[in-house]
Every structure is written in C-alpha cells, then in structure tokens.
Amino acid sequence: MNEEFKGALDRLEAARAEGLDAVAATLSTAELENVRVQYTGKKSNVSQVTQVMGRLDADERKQLGAAVNAAKTELETALSKRQTELGRREQEQRFEHERVDVTLPGMPYPDGYRHPLLLSVREILGILGRMGYDVFEGPDVEWERYNFDLLNTPKHHPARDVQDTFWVGDEMVLRTQTSPAQIRYMKAHQPPIRAAMPGFCYRNEAEDASHADRFYQIEGLAVDTDIRLTDLKGTLTEICRVYFGEGRRVRFRPHYFPFTEPSAELDIECSVCHGTGCRSCGGEGWLELGGSGMVHPNVLRAVGYDPEKVSGFAFGIGPDRYTMMKYGITDLRLFREDDLRFIAQFN
Amino acid sequence: MRVPLEWLSDFVDFELSTDELAERLTMTGLNVEGIERPSVEWRDVIIGQVVELEPHPHSRNPLNVAQVDIGHQRITIVTGAPNIRVGDKVPVVLVGGRLPHGPDGNAVTIEAKPMAGITSHGMLGSERELGLSDEHSGIYILPPDAPVGSPLVSVMGGDVLDLETVSNRPDTLSIVGIARETAAITQQQVVMPDVTAINGSVQWIDQPSIELQIDVPELCPRFSAMRIEGVAAVPSPTWLASRLEAAGQRPINLLVDLTNYVMLEYGQPMHAFDADRLQSNRIVVRLARSGETVRTLDGVIRSLPADAVVVADGERAVSVAGIIGGEESEITDQTTTLLLEAATWDAPNIRFTAKALGVRTEASSRFEKGQQPETTVPAIFRFLQLLAQITDRPLRVSRLSDCVAREPEDRTVTMPLRDLDRLVGVPIDADTAAEQLSLLGFGVVIEDTAISAVVPYWRRVDIEQSADLVEEVARLVGFDSLPATLPRRTMRPPVTDPRRRWEEIIRERLLAGGANEITTHSLTSYAAMARLFLPGRRSASPQEMPWETIIPNPEGVPARRAVIEPVKLLNPATIEREILRMTLLPSVLDVVSRNLKNSDERLVFFEIDRTFFHRHDDLPYERETLAIALSGERHMRHWSEPQPGPYTFFDMKGLLEALLHSTQLQNWESISTAHPSLHPGRSASLRVGDREFAIFGQVHPEVAHSFELDTFPVMVAEVDLDALIGAAGAPRLFRELPRYPAAYRDLAVVVSRDLPAARLQQVVRREGGDVLESARIFDVYEGPQVPPDQKSIAVEMALRSANTTLTQEDVETVMLRIVGAIEHELGGTIRD
C-alpha cells in the first residue's frame, strides 16, 4: 500500500474524529459556525487530505475521494444535528428572556361612548327602520299652527296650557311635542305612510328627577287605507319586545290626546315589582311609556286626507323614559349632566 | 280627583273590591293613580272626648293634662297641643296602639310614658299623624256628633281612589260622573237622589230670589240663584265633614261645606253669598270695567283683566264669575240669609281670566273645561235638600231665579258601523256597540249601516263625531282584550336621508376616534355665550358682542336668509335659558370642566345638535352643528407611557382629518385664522375653496379660565355640518389597485421658518404631476443643524405610473423638476 495513501487515510480519520469531538463540544451556534469553517471549509484538515490526490493512482484516488466525502457528510450531519439542538436551546433561552408579565394591563384602544339617550334613540329608530319607517326631522322652532291648531288643538283648547309652552314670537313656539312633524310629513307625502320623527321638545316646566324643560321624543306615524287600533297595539308591543327584551309586560289603556281618537296610553310593568306595586313605581305596578292613538279625523282633514278613505295611528316615544326603564335609572337629571362616569356605562 | 268609595256607593251599587274597581276604571280610561286605605292605617284610632283639661302642674313646658272619655272609661293624656278645649271630640290612640304617622312618617307604637311625673295613657292625633294632610299645629278636632268610644273608621276613613282626569272629560270631575262610568263598566244604573223631595222645615216664599240681568249672554249661558233665609254657619255633621276630608276639601262651616259638597258630587261649582251683605237684590252679570278691582276670598285685592266677567250686586263686583268669590259678601259666623248661585260660564273666557289673575280654583278648573247648563238647578235643589235634612232651623226659601241665556243644543252623532271594524280592527256587532253606548247614557238608535246616538249633556264636550263613539265602544270592550296586529301592507324600505347618513358616518368616526358623545341644553344666555370672548373684550351689554367672529362660516347664515342674532324666548323660565344657542362651544366646554373634576384623562367630547339663527318673518335657520373638545392627558396613564402629556393642536387636526376623510371631502385646506376664543398662533379655519366650514384650535388661556379650565390646554373645533355635508358626498367608486411598482424618494428641504408646509406640498404636488402618488411630510426640524429663521422639512414621495414601471431616468427627471421649483419658487435648499 502506498504510504502516502495510507497517511492520507489516517489524517482523514484523525480529522474526522477531531471534528466530531469539536462539534459535540460546542455550546453555542456561533461556536458551531467556527467549527463548521474549521472542519468542513476548504482549508480544513479534511479538505487538506486531498492535496495528495495527484500522487495517488486512480483506484486510490477513488477510494480517498469517497472517504473524504463520507467524512464530510458525517461531519455535516453532526453539525446540522448540533445546530438544531443548540438553536432550540438558544431559542428557549431567548423566549425565557422575552417572557412578559401577562397580568399587566393591555394597551388601551379607547373608543368613545355614545350618550345613553342617543343610544336608545338609535336603537328605537333602528327597530322602526326595520318595520319600514322613514325618518324625518322637523324643526325645533315651530309654527303655533303646526304645533297646535292643525293637531286639533285650537286656541282655547284646554289641552293647550300656555304656561307649558315657550313662545318665540306671536305665532312661533319651541315645539312641545314632535307631533307637528306629522303634519309636515303628511303634507309632503301621500299614504301609505310609515314615518318616525325624532327630536328635542321643550316645555316650560320645573326640572326635577322626572321632568325636564327639554326632552327627546320620537313620533311614529302610519297612515294607510286600513290602519286599525289593533295595529297600533301590535306595533308598540313589538317595539317594546325588541327594545326591552322578551317577557316584559306592557298594557294598553284608553287615554285622551286632542290629536288622536281613540287615544291610548302604553304602560310597562315596573321592573322592580313586576306589576304588583312597590315604592319605585309609586305603588301602581305600572309605569307610563307614552301616548298614542288613531290619528284624529280632524288632523287627517287638516292635511287634506279623507278620513273616510284612510286611517292612521300615531305614537310618541320618550327615549329617556325608555332608557330609564331599561337600565333602572331613577334620575332624569343624569341625562343632561354628561358625566363620563354615567355615559360610559351603557356602551 | 279623589273619590271616596263610600260616597260613590250612594249612586251606584258596584260589587267590586277596591282593587278590582281601580283596575276596571284604569283599563277603561279613568286612570287610578293611587289608592288610599285609611281603614288599615286607623286600626287603633278611636274617638274620644276631652272632659277635663288643666295645665301640667310640674312642667315648665306648656303641657296640658287632659281627661279623655273613651266610652267605657276615662284616661289621662298629657299633650302639648294648644288647640283643644273641654268638650272637643278628638282621635285617640291608646298605649300599645299604633299611631299611623310618627315624627319620621312611619307608624309608631304608643308607650306609657311619664311626662314630668304624670303618665300619659295614650296620644291625641294631628292631621299629619293621621295621614290626612301636612297640618301638625294642633290636634285634629272631630265634628261634635262623632260617637265617643267608636273607632274613627266608623265615621270616616273608607278607601279613596285618586283618579287622573283628562281635560276633555270635565264630567269625571264629580262623584256622579265617576258613578256613571262605574255603572257603565259594571252594567248598572246610576241612582240619582230625587232632589225635589225636601224633608225638613222649609217655607216657600212667593217672591223671586233675585232680580237678574245678564249683560253678556254669550259668556253666561245660564244663571240660577236661590235665596235661603234662616241659615247658620255651624259646623258640618261628621259624615259630611269626613266625606269632604276624604275628597281633599277642608271643612269650614255647613254653608260653605255644602257648596263644596254639591260641587264634588254633581260637578257644578256653586257660590254662596251672604245675602245681607249684598247691597241690593239686583244681580248683574257683566264684563269687568277698566281698572275695576275685587277683594277676593283670599283677602287679595285683584285688578280684573279686560274680558273678565263679574257678578255684581247692582254696581259693585262681588265675585269674579266662575273663579273666586269676593270677601265683602262671603259667609261669616253671623250669616243668616244666603244667596246661592249656580251658573254656567264660557270655558275659554274662564281659562283666560283665571290665567290672567293667576288664580286656579276648584270652580275655575271645572268651568274652563266646559260645564253644561243642565246641572245648575239640580245642584241648587240638592243643596237645599241636604241643608234641610241637616239643619233643625226653619228655612224660608224664595222662588228660584233662573235665566237660560243660551239654550244648549242636543247633539246626535252617527257612527257608520264599518268605522268600528275599520278603526278598531275587531268585529263588534251593532247590538254590542249600542248596548255599550246606552250604558254610557247615549240615546241609541240602530240604523241599517250606522248607529245614531244622542249625546248625553255631560258628554257634549268630547263627543262630536264618529271616531269619538268608536272610542267609547272600544274602551268599554276593553283595549286589553284587543288582539295585537301589525299593519298589513309591507312598505318599501326607506332610503336614509343623505344628511342623516353623513351625520351618522361622522358620529361613528368620532366615536371610533375615542370621542364621547354628549347632549347639552340648547337654551342658553347671552352671558354664557359671551364667555367665549376674552374678559377684557366683553362689552357691558352682552347682546352687543360681535357674534359673527365666533361661529364657523358666518357667511352661511345670511345665505340662508337669516341673521347672526339669537332666537329669543318671549317667556323664558330663567335668565340662564333665555335664547337658543348660536354656538355649541360654551356648553361643551362646561362639560369638559365638569368632568375634569372627576378625571383628567382623555376628556374628549363631541356634540352634534342644532344652532339657531333668527330670521325675520320666518322660522329660524336651524344649522346642524358639530363641536369637539379635547383636554386632559392625551392617553390614559399606562405603564407603557406613564406620562402621556396634554393634547396638542395636531391631535385635534388629526381627528378632523379623520372625519373629513370619512366624508370623502376633497380639496379642503386648513388656513391660519384669528378667532376671539383661540390662541392667536394656534387657530385655524377649514375651507373648501373660499367656503369656510369649521374653525378649530387651542382655547385662549384667558377664555379657558372663564370655564375653570386652567390645568390642561383645551382644543376645540366647531363645524358647520350644513356646509360640510353640502360639500361632501362624492359617491365612492372603485379605483384599480396599482400594477406597477412605486419608486420612493425622500427629500429634506431647508426653507424659511414662516413658509407653510402646505405651500411646499403644493409645489411638490404640482411638479410631481400624475406620477406623484403621495408626498408625506415625515419630519420637521428647527435647531442648530439649520440656520436661524429656517427649518428643515422632510418629505417622503411615492412615484408611480399607472401604465408602466418608471425607469431611474423617469424618476430623476421628476425629482429634478421638483427640486428646481423648490429652489426657485420657495428659496429652499436641499439637505443631503
């Protein structure tokens, strides 16, 4: 056997063994990278073995080449395995280092809050919208004629209490109800009509826990060839079912409003005593939600409709009252203080 | 209206419990607001009589020691009450019994307590302690005929319903009226007393009671009067006094009490004059004379408004008709002859006069709703009947004087049967409907396709047409028994009004941006609005302030035919709420200020509401307006950023940009502007073209001080939404995504410190032309690296062609153009 060939094989074996030991001894991927260069690079002992190639015969060359490739492959396998091991270990260490206190609060993504009154307005208009009601807004400052006369409340009508109305001119008032928007809507449209008319109303009243001189109202109006009192009852019942949720009882009883005939008042059972009477409902068991009725023939005539041919219903919803009943708010004054601690509770 | 059930049962035999009756009345239209059950409260109250009374021998306090007869025994009661006398009948609670309302309003049990050495074996009750009223100055003295030793409830204290009455049903302001309703819902008949049957010693004198002259027949449809001699203003018997008490009327004396009693029972207000104090027997009903005054029963001298109707004894006005009597002819202890008046008055006239006088009485509140003439004479005879029954004196009664100046007209209303089905929604047959109407007192005839009904006189006020009869039938059938249906037609879905749609988009954007929605009052004062001016700039009269400098887009107001003047209330309730606001800023700043007391983090608020501008001869211009305010720490204090710092001008501008983006408004610009409320260097106006639609900036510290906002800078914006929404709203159309890559170039430009960044951007955009996709300012620097009075602005540009990939050469050509323009037009230099 050629001495040189034998010597090369010995050196190869030594380099291979040393390389494997070096790989096994590495403690970091950076160290491993050095070992890789040292034992598998062009100047490594393993590669240097091939310097004798020129002096070997063909068969030996073939054998030595195969041995070098085998050694390189073995070393590379060892390197790769070690790389995986060390990589995983280092990743674990990095993760440990990156550990956070998961109990710390998260980053704030603050949304604004809707005012509870306007939240309810939106909700109620949404319910009405799904029933096909068009939304129309009349002006806050109204003609006396629209606010009263055309609503079957002529000058000397007992229902027109001058004390309660803010006047801004001889024939101009701050609307005391959203009902004048009915007149505007009916004058601009022909039946069939389904309209919801929201807005602020004003009454010259002393303010307390349940009264305000400015309050929100949503007027509902349906006029068609065949609108009946039972439709009014059904519509209001559905609004309450969706807004308050299933299971809250409402009742419908006769009342009086000048612009409706028959007229009705809608009551909802007290959320505290469920209709048996308690302190919070004044012992009545029921709380008034708002007035309604079949549009008075005089009102239909006033806008040029024929009460023989069409009929309609109208209702007034007080979203502040609805909100109070829904959430158990007892003081109306909270609605106008705009205290964030209050506003933030309902979104 | 308070309805003692024991009184009601005189007229109708209802066999219902109190709760059942209350429920039935409520559900048929007479809402019962409360039920009183004194019989439960008064379980331990008995009737006693004071038989001896002497001052307490040992007490320094003014105590009395009373011996009280309670029927089977006498007990000692120590009392501090100043008003009792020997012989008085009084309510007594014995030791161990329950006093309905103690000092704190709750029931207390009476204990045997020695008072200054003498043990009291019971307690005497005041009106407050019995729950009758708030009166607590003395013991409640019972009528002399109260039976000693009996429970108090044997003479008073049946259940009382408190009814809500509605303005079109004056007939329900009487026991008889409630009895009619009760009879109808229980299918009974009302039993009316025969007032012609007068028992007692009555001698009729064949002379007219008065000589009557009605000058204003249109205002006084009927006037009836009766002269009764031999009367005395003695205390009323217990049954009468207790009924009045239960109905909420304080007993005074028999004569006054009977007028009240008959009014409550029949609904007919009456007035009793002391006939001897009238100057003559001639009664004139006329208009008040200019400057005429009357001293009324409450002792006040009142000047009468024009159109007030008075009852005069010849010359002198002795009562304000239908409202209040005169003091000079009122019943006194000496009265022996009375002139009893029952009349009908014109409702609007009474309404007007009562309002003008500021007087509201039981009488006026009935007359102003409309009383019918049919009740005057029965009421007078009812009075006489009761008086004769109660008094043991012989009465001499003159012939009734009665003048019907205007005959009432009977009314017949026809209800087509189809209206019932059409308006109510359930089939109600003619017989059922007719029966319900006759139970209510209508004279009913069933015709082929209709029911015709003669309206009973007491329903003339509210029954005029078919729909009114429909309601009567429906309410007796019961609204509760009606099915709940929905309108049969399915409507086409409504299209949201564009203004509302934009408003909601803006609202959503602001909420998403962390702003909180508020809603403040639209009534305000000049003084509250004037706080937007620096204290030194406020003129002595706040009306004179230059309001046009405060509001956004002042030119938009005359464009809507309005003026920058507030809408004033003619009858404000307070000076704080005398006008409608022209700006939302003061109340929004007040909200910031109030909330700053609770928290100093993220005080971000917005309000969308109307502002109002006066128009001559038309309704005001109501402008949809948005106000935003930012103050406090710009974030919640958080471990990631423990000291967030205050909001800046650019926080506000960023929020505005976000909402402008959501409205798709193009080509708006922000221009430095002067505003009286804002920091001169930090105030701007937003415009499209030459049209302003918003103002914003940092509130001037002196203005902020007026709102107690001294701790943090405050940013505000006010937006004319009419203008913004008018300019917004290009429909959204899809744009192709870019197909070719963009080239990015940064450019740092040193320019004069005064040069607005927008000017630089404008030049860059112009020169960049179509291929300049964006030019974003990402750095602004002033300091040692640049010369004084200069600043460096760094712009990141994206260049992209829609058709091809730009070559290096293409990009450099554009950049050279941009740089050239910056150097020549703006005198800028490029920093490397």
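Just a few scattered comments:
- Within the range B:125-144, residues that are of a type in the set (S, T, N, Q) have Cβ atoms under 7 Å from residues that are part of a loop (DSSP other than H, G, I, E, B) and surrounded by fewer than 22 Cβ atoms within 10 Å (Cβ to Cβ) in these pairs: B:Ser126/B:Glu135; B:Ser126/B:His136; B:Ser126/B:Gly138, counting only partners at least 6 apart in sequence or on another chain.
- The helices (runs of 4 or more DSSP H) located wholly in the range B:455-568 that include 1 or more residues which are of a type outside the set (Phe, Trp, Tyr) and closer than 22 Å to B:Asp609 by Cβ occupy B:498-512, B:526-530.
- So A:Phe259, is it away from chain B (no Cβ under 11 Å) and in contact with a helix residue (DSSP H, G or I) (Cβ under 6 Å, 6 or more places away or on another chain): yes
- Residue list for the range B:4-56, restricted to those being outside any strand (DSSP E or B) and polar (S, T, N, Q): B:Ser9, B:Ser17, B:Thr18, B:Thr26, B:Thr28, B:Asn31, B:Ser39
- Lone unmet requirement of (1) buried (at least 21 other Cβ atoms within 10 Å of the Cβ); (2) more than 43 Å from the chain's Cα centre (by Cα); (3) within 30 Å of B:Ile47 (Cα to Cα) for B:Glu265: (2)
- Cβ-Cβ distances below 9 Å connect the following pairs, each with a first residue in the range B:459-481 that is without any contact (Cβ under 8 Å) to a residue 24 or more places away in the chain and more than 9 Å from chain A (Cβ to nearest Cβ), a second residue that is surrounded by fewer than 20 Cβ atoms within 10 Å (Cβ to Cβ) and part of a loop (DSSP other than H, G, I, E, B), and a separation of six or more residues or different chains: B:Ser481/B:Val426.
- Looking only at the range B:569-586, residues that are at the interface with chain A (Cβ under 9 Å from one of its Cβ atoms), out of contact with any helix residue (DSSP H, G or I) (no Cβ under 8 Å at 6 or more places or on another chain) and outside any strand (DSSP E or B) come to 5 in all.
- Verdict on A:Ala314 being crowded, with 16+ Cβ neighbours inside 10 Å and under 17 Å from B:Asp480 (Cβ atoms): no
- B:Gly783 passes every criterion in (1) surrounded by 11 or more Cβ atoms within 10 Å (Cβ to Cβ); (2) closer than 18 Å to B:Asp832 by Cβ apart from (1).
- Residues in the range A:109-122 that are surrounded by 18 or more Cβ atoms within 10 Å (Cβ to Cβ) and more than 7 Å from chain B (Cβ to nearest Cβ): A:Pro116, A:Ser120, A:Val121.
- Search result, residues across the range A:233-255 that are aromatic (Phe, Trp, Tyr) and in contact (Cβ under 8 Å) with a residue 60 or more places away in the chain: A:Tyr243, A:Phe244
- The residue that is farthest from B:Arg302 (Cα to Cα), among those in the range B:332-361 that are of a type in the set (A, V, I, L, M, F, W, C) and surrounded by fewer than 24 Cβ atoms within 10 Å (Cβ to Cβ), is B:Ala347.
- Members of the range A:135-164 that are over 24 Å from B:His616 (Cβ atoms) and in contact with a Leu (Cβ under 7 Å, 6 or more places away or on another chain): A:Val135
- The set of residues in the range A:313-347 that are within 12 Å of another protein chain (Cβ to nearest Cβ) and among the small types (Gly, Ala, Ser) contains only A:Ala344.
- Out of A:Ala78, A:Ala70, A:Ala66, sole residue that is assigned to a helix (DSSP H, G or I), of a type in the set (A, V, I, L, M, F, W, C) and either within 22 Å of A:Ala30 (Cβ to Cβ) or touching a Gly at 6+ places or on another chain (Cβ under 8 Å) (or both): A:Ala78
- Test: residue in the range A:139-148 that is more than 29 Å from B:Met491 (Cβ to Cβ), among the polar types (S, T, N, Q) and touching a residue at least 24 places away in the same chain (Cβ under 8 Å): no
- Here is the figure for the range A:143-158: residues that are facing another protein chain (nearest Cβ under 7 Å) and crowded, with 22+ Cβ neighbours inside 10 Å total 0.
- Test for B:Thr361: is it under 20 Å from B:Ala321 (Cα atoms) and modelled with pLDDT of 95 or more: no
- Residue check for B:His616: under 28 Å from A:Gly169 (Cα atoms), more than 7 Å from chain A (Cβ to nearest Cβ) and outside any helix (DSSP H, G or I): yes
- Pick from the range B:679-711, criterion among the small types (Gly, Ala, Ser) and surrounded by 14 or more Cβ atoms within 10 Å (Cβ to Cβ), ranking: nearest to B:Arg623 (Cα to Cα): B:Ala694
- For the range B:90-143, the tally of residues that are assigned to a loop (DSSP other than H, G, I, E, B), modelled with pLDDT of 85 or more and acidic (Asp, Glu) stands at 1.
- Matching entry among A:Arg194, A:Arg248 (being more than 30 Å from B:Phe367 (Cβ to Cβ), under 31 Å from the mean Cα position of the chain (by Cα) and more than 8 Å from chain B (Cβ to nearest Cβ)): A:Arg248
- Out of A:Gly285, A:Gly293, A:Gly275, A:Gly304, sole residue that is more than 7 Å from every other protein chain (Cβ to nearest Cβ), crowded, with 20+ Cβ neighbours inside 10 Å, small (Gly, Ala, Ser) and touching a residue at least 12 places away in the same chain (Cβ under 8 Å): A:Gly293
- Pairing residues of the range B:507-528 that are within 8 Å of another protein chain (Cβ to nearest Cβ) with residues that are among the small types (Gly, Ala, Ser) and assigned to a helix (DSSP H, G or I), at Cβ distances under 6 Å and at least 6 apart in sequence or on separate chains, gives B:Gly513/B:Ala658; B:Thr520/B:Ser587.
- The residue of the range B:362-380 that is surrounded by the fewest Cβ atoms within 10 Å (Cβ to Cβ), among those that are within 14 Å of chain A (Cβ to nearest Cβ) and in a helix (DSSP H, G or I), is B:Ser365.
- Considering B:Leu626, B:Leu603, the condition of being more than 10 Å from chain A (Cβ to nearest Cβ), surrounded by 19 or more Cβ atoms within 10 Å (Cβ to Cβ) and on the phi < 0 side of the Ramachandran plot is satisfied by B:Leu626 alone.
The values are calculated or read from the model by the stated rules, or taken from the named source; none is laboratory data. Note that the structure is a prediction, hence the values are computed from the model and not measured. In this analysis, Cβ positions are derived from the backbone assuming ideal geometry, glycine residues included, and neighbour counts consider all displayed protein chains.
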